[in-house]
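See below for the structure under consideration.
The values are calculated or read from the model by the stated rules, or taken from the named source; none is laboratory data. Please read all numbers here as calculations on a predicted model, not as lab measurements. Because the Cβ atoms are built from the backbone with ideal geometry, glycine has one as well, and the counts that use them run over all protein chains shown. Note: accessible area is taken over every heavy atom of the protein model, side chains too, but ligands, DNA and RNA are not part of it. Shrake-Rupley method; radii C 1.70, N 1.55, O 1.52, S 1.80 Å.
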Amino acid sequence: MKLLLENAHIEGIRYFEAYRKNGGYRSVEKALKMTPDEIVEEVKKSGLRGRGGAGFPTGLKWSFLAKPEGVPRHLVCNADESEPGTFKDRYLMEFLPHLLIEGLIVSSFALGSNATYIYIRGEYAWIPDILEQAIQEAKNNGFLGKNILGTGFDLEIYVHRGAGAYICGEETALIESLEGKRGNPRIKPPFPAVQGVWMRPTVVNNVETLATIVPIINMGGEAYGNIGVGKSTGTKLISACGNLNKPGVYEIPFDLSVEDFIYSDEWCGGIPNGKRLKACIPGGSSVPIVPANLLLKTAKGETRYMNYESLSDGGFQTGTMLGSGGFIVLDEDQCVVKHTMTLAHFYMHESCGQCSPCREGTGWMWRILKNIENGKGKMEDIDLLWDVQRRIEGNTICPLGDAAAWPVAAAIRHFRDEFEWHVLNPEEAQQRNYGIAHYADPREVPVA
Amino acid sequence: MAEQPLFKVTIDNVTVEVPAGTTILQAARKAGPEVAPPAMCYYSKLEGSGGKCRTCLVEVSKGSDRDPRPMPKLVASCRTTVMDGMEVKNLTSERVVDARKGVVEFLLINHPLDCPICDQAGECHLQDLSYNHGASGTRYEFQRRTFEKHSLGDKIQLHMTRCILCYRCVMVADQLTGQREHGVLERGERAEISDYLEKSLDKEFIGNVIDVCPVGALTDKTFRFKNRVWFLKPLNAHRDCPTCSGKVTLWNRGDEVFRVTARKDQWGEVEDWICNECRFDKKKTSDWVIEGPREISRHSVISQNKYIGMVKPKETIDEVIGKEPRLFLDIHDVSQVNEKDRDLSLIEGPAHSTDFKEKDEKKQ
Ligand SMILES: Cc1cc2nc3c(=O)[nH]c(=O)nc-3n(C[C@H](O)[C@H](O)[C@H](O)COP(=O)(O)O)c2cc1C
Ligand code: SF4
Ligand code: SF4
Ligand code: FES
């Protein structure tokens, strides 16, 4: 079942006419006849969890918004999408810009925002034009601007470009950047719901989260909540990449098994060149990497599914996270050490530098990893690396510190023998990769 | 205005009552220097400071009387407010001691450790922090980060390589001089403080960045390399200043004023901001009315000798917190320059290499 991408392939759906003809903007018509509180109630009933990575219940977040008398409130759409492996929001904005605008109108009405911002990643250079066009079309057709549909509700949506910083996806850094300041995360509390943009109460939500408000209002929160499994309701966009036959953006049901998602022809179509699965990062670069055997089945031997609960089954010891849905697949030819080093470099490069553990620790981890990768590592370096990540995690201002520590921790936890092999065979490690060892793909070896 | 309710909070088994809205750090300072966590970035007189260095992390083992659940993560005590009945562990928490050791290590891996040629040595908070909470060796084997030296106007030297990015100077520039001059460029480990527009900092109060800097990254060019702080005698003095309170500390050797700073309390925070004129231009004893010796009650080299006021941990402290305080390695006992009865004011002028040479020659 597709709730978001249903119409993605219709000719001209990027433009208002085709979008409207295919049922677009119905949710605005419906929502503006409801009270804001009723909308929040529907969102609560839907069980929608934030699609930006943390999975926090959206309805609950909305209900925390402070409403002091006479102070404007704001909705901010987080379109910074800079997590390596995640590119679902881009797809949505590129092909269905009106779906996002529609979701923003309904959500702004529910939250009482008359000025709503889309903060978009600087590198998505061509997308602001698409969004601006959609905004203009919506305005021309009375869905945006003053007195929308004669209800007296005014709304302007502004597109604000970032300047190329992953950290500006963290909601308080985003707010600082939106205010024109350096994108340093704020120290919380106060939370944005109380003091956000210009110290006004603010809700920050992900692009996909806000687009999902459209089907929720159209079908009703309860009906939406009945789709899916457990606390994973509705559907989810997954951006699949790495060693897959059919990488791309998929809208998946939450009862899809990881194995089906990777191997079935309906989805990613398996791994190219008859290679075997080695490891996977299922939720964007920050979530723990898991070896093939723990990806397809949980430690208890149960099938793993593509949803919040199943992917995190086993905690960080044997599980991982759904995160933002950036599904990165590594086949047997990939080197976990090199891969971890690349990620460590990313986090070092993207740290804002405000707090000592992250500023100094991310660079230290990268340098140790670089040594191990280049055959200059020592056995103690592996323990040192573990110790450094341990002292970053949980001790920083914002979760970027954790995000930098987790991939390193998971790589050592599950692939320690590969690190040791690099240390013991420095020369061989420059010539070939380690392969997949005991965390082998539990599936049968494909016949070449 | 309604009376602020008083909250009871216990830090390392010492209980104090503080008004609602007080931070854990402030409450701990009230409880006494033995239990107060070190703070490298927080500065009570600068709005929005704190939260960055992470040296003040503590464990909240009980949230409050109403909600006794412990907090899962260590929290920055400088930015976390107390709740009634809260219980906090600082030195009594193994987790805190370990995390802090980590923070000190992080702060030092790229630090140049050039204390022998650094003007801040002896009154440096990073030195104190490392003595008290750090490890003796380093596990960092890579080249340390360096930056070009930089002048902030003609009076202030920025030695970015030593900076710990506490942002205090940025906040001083922002909040005291009425115009933002200073900012942080770049990000991550390449982040650096910069006089963004390269213009000379002629704002009346900009000199205070020197006093707030916990390390030797910002130093007074009118004092640089002139003397070691522990050879100087701090004196409280004042003058009738049209711009600031005129209440300063003079750092003298005999009759000569080597430098002028604001008066700092036991946490190293200034009591009153002072203006540039007082700091940089009034370098004669006759410019000032001397009040008497300044007490330096910090556990650092500057408080050595007879510069009274150093508070030693109370004997009972180990009984109260349940273990011997790791704090306060007595560096004064270690340093031989600081023999108890040595009267520095009797030594004429700063020592030069030639003095030693002469002696050596005499020996031969
Ligand atoms: C370093 C960092 C980067 C982040 N980047 C993004 C991002 O690009 N897009 C996003 O939606 N959320 C991002 N987040 C999460 C946001 O802080 C925030 O939780 C999210 O926008 C909330 O939206 P949601 O509740 O709809 O998921 C990031 C968080 C961190 C710590
Ligand atoms: S954890 Fe890293 S990115 Fe986040 S505030 Fe600290 S230094 Fe900045
Ligand atoms: S120069 Fe000094 S005051 Fe400024 S950020 Fe660096 S350490 Fe802090
Ligand atoms: S003093 Fe609290 S984080 Fe620096």
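In segment A:319-332, is there at least one residue being within 16 Å of ligand 2 (Cβ to nearest atom) and open to solvent by less than 10 Å² (accessible area, probe 1.4 Å)? Even if it seems obvious, please write down each step before you answer.
The initial filter retains those residues of segment A:319-332 that are within 16 Å of ligand 2 (Cβ to nearest atom), namely none.
Looking through segment A:319-332, none of the residues is within 16 Å of ligand 2 (Cβ to nearest atom) and open to solvent by less than 10 Å² (accessible area, probe 1.4 Å).
For segment A:186-199, how many residues are open to solvent by less than 20 Å² (accessible area, probe 1.4 Å) and within 16 Å of ligand 2 (Cβ to nearest atom)?
Of the residues in that region, 1 qualify.
Any chance segment B:149-171 includes a residue that's open to solvent by 20 Å² or more (accessible area, probe 1.4 Å) and assigned to a helix (DSSP H, G or I)?
Checked segment B:149-171: at least one residue is open to solvent by 20 Å² or more (accessible area, probe 1.4 Å) and assigned to a helix (DSSP H, G or I).
For residues that are of a type in the set (Lys, Arg) and either open to solvent by 60 Å² or more (accessible area, probe 1.4 Å) or under 22 Å from the mean Cα position of the chain (by Cα) (or both), tally how many sit in segment B:124-148.
Let us first name the residues in segment B:124-148 that are of a type in the set (Lys, Arg), namely B:139, B:144-145.
Within this subset, residues satisfying the condition of being either open to solvent by 60 Å² or more (accessible area, probe 1.4 Å) or under 22 Å from the mean Cα position of the chain (by Cα) (or both) are B:139, B:144.
Total meeting the criteria: 2.
Does B:Phe142 fit the bill of being at pLDDT below 90, in a loop (DSSP other than H, G, I, E, B) and among the hydrophobic types (A, V, I, L, M, F, W, C)?
Working: at pLDDT below 90: no; in a loop (DSSP other than H, G, I, E, B): yes; among the hydrophobic types (A, V, I, L, M, F, W, C): yes.
It is false that B:Phe142 is at pLDDT below 90, in a loop (DSSP other than H, G, I, E, B) and among the hydrophobic types (A, V, I, L, M, F, W, C).
Take segment A:348-367 and flag every residue that is closer than 13 Å to A:Gln389 by Cβ and within 8 Å of ligand 2 (Cβ to nearest atom).
Matches in segment A:348-367: A:Pro357, A:Cys358, A:Thr362.
Among the numbered criteria (1) touching a residue at least 60 places away in the same chain (Cβ under 8 Å); (2) within 14 Å of another protein chain (Cβ to nearest Cβ), which one does A:Leu369 miss?
Unmet condition: (1).
Would you check if there is a residue in segment B:225-245 being within 14 Å of another protein chain (Cβ to nearest Cβ) and either modelled with pLDDT of 90 or more or surrounded by 23 or more Cβ atoms within 10 Å (Cβ to Cβ) (or both)? Explain how you work it out, then say what you get.
Pass one, segment B:225-245, residues within 14 Å of another protein chain (Cβ to nearest Cβ): none.
Scanning segment B:225-245 turns up no residue that is within 14 Å of another protein chain (Cβ to nearest Cβ) and either modelled with pLDDT of 90 or more or surrounded by 23 or more Cβ atoms within 10 Å (Cβ to Cβ) (or both).
For residues that are within 16 Å of ligand 2 (Cβ to nearest atom) and of a type in the set (D, E, K, R), scanning just segment A:45-93, find the one that is nearest to the chain's Cα centre (by Cα).
That would be A:Glu83.
Could you list all residues from segment A:292-313 that are within 21 Å of the chain's Cα centre (by Cα) and not in a helix (DSSP H, G or I)?
A:Arg304, A:Tyr305, A:Met306, A:Asn307, A:Ser312, A:Asp313
Just wondering, is there one or more residues in segment A:326-336 that are away from chain B (no Cβ under 13 Å), outside any helix (DSSP H, G or I), in contact (Cβ under 8 Å) with a residue 60 or more places away in the chain and among the small types (Gly, Ala, Ser)?
Residues of segment A:326-336 that are away from chain B (no Cβ under 13 Å), as a first pass: A:326-336.
Subsequent filtering for residues that are outside any helix (DSSP H, G or I) retains A:326-335.
After this cut, where a residue has to be in contact (Cβ under 8 Å) with a residue 60 or more places away in the chain as well, the list is A:326-335.
Add one more test, that the residue is among the small types (Gly, Ala, Ser), and what stays is A:326.
So far as segment A:326-336 goes, yes, one or more of its residues are away from chain B (no Cβ under 13 Å), outside any helix (DSSP H, G or I), in contact (Cβ under 8 Å) with a residue 60 or more places away in the chain and among the small types (Gly, Ala, Ser).
In segment A:337-348, what residues are touching a helix residue (DSSP H, G or I) at 6+ places or on another chain (Cβ under 7 Å), in contact (Cβ under 8 Å) with a residue 40 or more places away in the chain and within 16 Å of ligand 1 (Cβ to nearest atom)?
Passing the criteria: A:Leu343, A:Ala344, A:Tyr347, A:Met348.
Quickly run through segment B:1-21 and pick out the residues that are touching a residue at least 24 places away in the same chain (Cβ under 8 Å), of a type in the set (A, V, I, L, M, F, W, C) and part of a loop (DSSP other than H, G, I, E, B).
B:Ala20
Of the residues A:Met379, A:Met348, which single one is among the hydrophobic types (A, V, I, L, M, F, W, C) and open to solvent by 40 Å² or more (accessible area, probe 1.4 Å)? Before the answer, list the steps.
Values: A:Met348 fails: open to solvent by 40 Å² or more (accessible area, probe 1.4 Å).
The match here is A:Met379.
Kindly evaluate A:Thr202 against the criterion of being touching a Pro at 6+ places or on another chain (Cβ under 6 Å), assigned by TED's automatic domain parsing to the domain that holds A:Trp62 and closer than 25 Å to A:Pro72 by Cβ. Walk me through it before giving the result.
Working: touching a Pro at 6+ places or on another chain (Cβ under 6 Å): yes; assigned by TED's automatic domain parsing to the domain that holds A:Trp62: yes; closer than 25 Å to A:Pro72 by Cβ: yes.
Answer is yes for this residue.
Can you tell me which residue in segment B:76-89 is farthest from the other protein chains (Cβ to nearest Cβ), limited to those that are in contact with a helix residue (DSSP H, G or I) (Cβ under 6 Å, 6 or more places away or on another chain) and touching a residue at least 60 places away in the same chain (Cβ under 8 Å)?
We begin by selecting, within segment B:76-89, every residue in contact with a helix residue (DSSP H, G or I) (Cβ under 6 Å, 6 or more places away or on another chain); these are B:77-78, B:80, B:82, B:88.
Still in the running and touching a residue at least 60 places away in the same chain (Cβ under 8 Å): B:82, B:88.
Values: B:Val82: 14, B:Val88: 16 Å.
The selected residue is B:Val88.
Mind checking which pairs have a first residue in segment B:152-169 that is closer than 14 Å to B:Glu189 by Cβ and within 14 Å of another protein chain (Cβ to nearest Cβ) and a second that is open to solvent by 20 Å² or more (accessible area, probe 1.4 Å) and within 16 Å of ligand 2 (Cβ to nearest atom), Cβ under 6 Å, 6 or more apart or different chains?
Final answer for the pair search is B:Met160/B:Glu192.
Kindly indicate whether any position in segment B:48-56 is more than 15 Å from A:Pro357 (Cα to Cα), within 14 Å of chain A (Cβ to nearest Cβ) and modelled with pLDDT of 95 or more. So that I can check it myself, show each step before the final result.
The first filter runs over segment B:48-56 and keeps only residues more than 15 Å from A:Pro357 (Cα to Cα), leaving B:48-49.
Next cut, within 14 Å of chain A (Cβ to nearest Cβ) only: B:48-49.
Subset that is modelled with pLDDT of 95 or more: B:49.
For segment B:48-56, residues more than 15 Å from A:Pro357 (Cα to Cα), within 14 Å of chain A (Cβ to nearest Cβ) and modelled with pLDDT of 95 or more: present.
Would you pick out the residues in segment B:91-100 that are more than 8 Å from chain A (Cβ to nearest Cβ) and not β-branched (Val, Ile, Thr)? Reasoning before the result, please.
Just the residues of segment B:91-100 that are more than 8 Å from chain A (Cβ to nearest Cβ), to begin with: B:91-97, B:100.
Listed by number, the residues that qualify are B:Leu91, B:Ser93, B:Glu94, B:Arg95, B:Arg100.
What do you reckon, is A:Thr202 over 28 Å from A:Ile281 (Cβ atoms), among the hydroxyl-bearing types (Ser, Thr, Tyr), at pLDDT 95 or above and open to solvent by less than 40 Å² (accessible area, probe 1.4 Å)? Quick ask: steps written out before the conclusion?
Details: over 28 Å from A:Ile281 (Cβ atoms): yes; among the hydroxyl-bearing types (Ser, Thr, Tyr): yes; at pLDDT 95 or above: yes; open to solvent by less than 40 Å² (accessible area, probe 1.4 Å): yes.
The answer is yes for A:Thr202.
Please find, among A:Ser257, A:Ser286, A:Ser232, A:Ser264, the residue that is open to solvent by less than 10 Å² (accessible area, probe 1.4 Å) and either closer than 26 Å to A:Leu99 by Cβ or not assigned by TED's automatic domain parsing to the domain that holds A:Thr342 (or both).
Values: A:Ser257 fails: open to solvent by less than 10 Å² (accessible area, probe 1.4 Å); A:Ser286 fails: open to solvent by less than 10 Å² (accessible area, probe 1.4 Å); A:Ser264 fails: open to solvent by less than 10 Å² (accessible area, probe 1.4 Å).
Only one candidate passes the filter, namely A:Ser232.
Answer with yes or no whether B:Arg139 is within 14 Å of another protein chain (Cβ to nearest Cβ), within 16 Å of ligand 2 (Cβ to nearest atom) and more than 30 Å from B:Gly32 (Cα to Cα). Even if it seems obvious, please write down each step before you answer.
Values: within 14 Å of another protein chain (Cβ to nearest Cβ): yes; within 16 Å of ligand 2 (Cβ to nearest atom): no; more than 30 Å from B:Gly32 (Cα to Cα): yes.
So B:Arg139 does not fit the description; no.
Name the single residue that is farthest from ligand 3 (Cβ to nearest atom) among those in segment A:393-408 being touching a Leu at 6+ places or on another chain (Cβ under 9 Å) and more than 10 Å from every other protein chain (Cβ to nearest Cβ). Write out each step before concluding.
Within segment A:393-408, the first condition is being touching a Leu at 6+ places or on another chain (Cβ under 9 Å), and the residues that meet it are A:394-395, A:404, A:407-408.
Of the ones still in play, those that are also more than 10 Å from every other protein chain (Cβ to nearest Cβ) are A:404, A:407-408.
Values: A:Ala404: 22, A:Pro407: 30, A:Val408: 28 Å.
This residue is A:Pro407.
Take segment B:22-47 and flag every residue that is within 12 Å of chain A (Cβ to nearest Cβ) and either closer than 24 Å to B:Leu108 by Cβ or part of a loop (DSSP other than H, G, I, E, B) (or both).
Correct list: B:Met40, B:Cys41, B:Tyr42.
Residues in segment B:53-75: is at least one open to solvent by 10 Å² or more (accessible area, probe 1.4 Å), away from ligand 4 (no atom under 12 Å from the Cβ), touching a residue at least 24 places away in the same chain (Cβ under 8 Å) and under 19 Å from the mean Cα position of the chain (by Cα)?
So far as segment B:53-75 goes, no, none of its residues is open to solvent by 10 Å² or more (accessible area, probe 1.4 Å), away from ligand 4 (no atom under 12 Å from the Cβ), touching a residue at least 24 places away in the same chain (Cβ under 8 Å) and under 19 Å from the mean Cα position of the chain (by Cα).
Which residues, taken from segment A:52-83, are open to solvent by 10 Å² or more (accessible area, probe 1.4 Å), under 21 Å from A:Leu322 (Cβ atoms) and either charged (D, E, K, R) or in contact with a strand residue (DSSP E or B) (Cβ under 7 Å, 6 or more places away or on another chain) (or both)?
Passing the criteria: A:Gly52, A:Phe56, A:Pro57, A:Lys61, A:Asn78, A:Glu81, A:Glu83.
Closer than 18 Å to A:Val290 by Cβ and more than 9 Å from chain B (Cβ to nearest Cβ): is that true of A:His339 in this structure? Please lay out each step first, then the result.
On the way: closer than 18 Å to A:Val290 by Cβ: yes; more than 9 Å from chain B (Cβ to nearest Cβ): yes.
The answer is yes for A:His339.
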